[in-house]
């Protein structure tokens, strides 16, 4: 088997969703996945894509049979301080039975290449504190961003904040 990386296409939406679900399961967060194939198709493959994805495929040289074994889903943000874009990795997943074979490293290297090509100031991602992949990222040279802490608002809180925009 050889491993080939390729950009995801609109026809890969079901595969993307399956890999996203597997990643969520691996992080004990399966109940949080709300994405639908329609969401991914609209937001990843429409006229103004909001994300991009790379797929890692194990290819049997004899039969040319392909099996998707990894995913890197990313998008670009912007750093006002650096005056340049950043590449943000939303999801990185490698099938557990394929981990340790260099697939994650190849996906990360490909994303680093895309970041350099796009003139990015940095490549970023967020990792749960209990994620054993933290050691993998550190081996690749990624470091925790000092005292920065992630914050978010969602669901009812997001709607309440939006509603407050019209009030003094």
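The values are calculated or read from the model by the stated rules, or taken from the named source; none is laboratory data. The structure displayed is predicted, hence computed values, not measured ones. We place every Cβ from the backbone using ideal geometry, glycine too, and count neighbours over all the protein chains shown.
To keep it simple, each residue is scored yes or no on (1) within 19 Å of residue 25 (Cβ to Cβ); (2) exposed (fewer than 11 other Cβ atoms within 10 Å of the Cβ); (3) in contact with a helix residue (DSSP H, G or I) (Cβ under 6 Å, 6 or more places away or on another chain).
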{"position": "81", "(1), (2), (3)": "no, yes, no"}
{"position": "98", "(1), (2), (3)": "yes, no, no"}
{"position": "128", "(1), (2), (3)": "yes, no, no"}
{"position": "133", "(1), (2), (3)": "yes, no, no"}
{"position": "145", "(1), (2), (3)": "no, no, no"}
{"position": "148", "(1), (2), (3)": "no, yes, no"}
{"position": "151", "(1), (2), (3)": "no, yes, no"}
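If you check every pair at least six apart or on different chains, which have Cβ atoms under 6 Å apart with a residue in region 105-131 that is closer than 12 Å to residue 142 by Cα first and a residue that is not in a helix (DSSP H, G or I) second?
Close Cβ pairs (under 6 Å, with a partner that is not in a helix (DSSP H, G or I)) amount to 108/140; 112/123; 122/86; 123/87; 124/86; 124/88; 125/89; 126/150.
Out of curiosity, is residue 24 assigned to a loop (DSSP other than H, G, I, E, B) and either surrounded by 18 or more Cβ atoms within 10 Å (Cβ to Cβ) or free of Cβ contacts under 8 Å to residues at least 12 places away in the same chain (or both)?
The answer is no for residue 24.
Do you know which residues across region 1-14 are surrounded by fewer than 18 Cβ atoms within 10 Å (Cβ to Cβ) and touching a residue at least 24 places away in the same chain (Cβ under 8 Å)?
Those that are surrounded by fewer than 18 Cβ atoms within 10 Å (Cβ to Cβ) and touching a residue at least 24 places away in the same chain (Cβ under 8 Å): 1, 2, 3, 4, 5, 6, 7, 9, 10.
Are any residues in region 50-72 part of a loop (DSSP other than H, G, I, E, B) and in contact (Cβ under 8 Å) with a residue 60 or more places away in the chain, and if so, which ones?
Passing the criteria: only 61.
Looking at 40, 17, 54 in this structure, which one is closer than 26 Å to residue 99 by Cα, modelled with pLDDT of 95 or more and touching a strand residue (DSSP E or B) at 6+ places or on another chain (Cβ under 6 Å)?
When all the criteria are applied, what remains is 54.
What is the one condition in (1) within 20 Å of the chain's Cα centre (by Cα); (2) part of a helix (DSSP H, G or I); (3) surrounded by 10 or more Cβ atoms within 10 Å (Cβ to Cβ) that residue 161 does not satisfy?
Here residue 161 meets the rest and fails (1).
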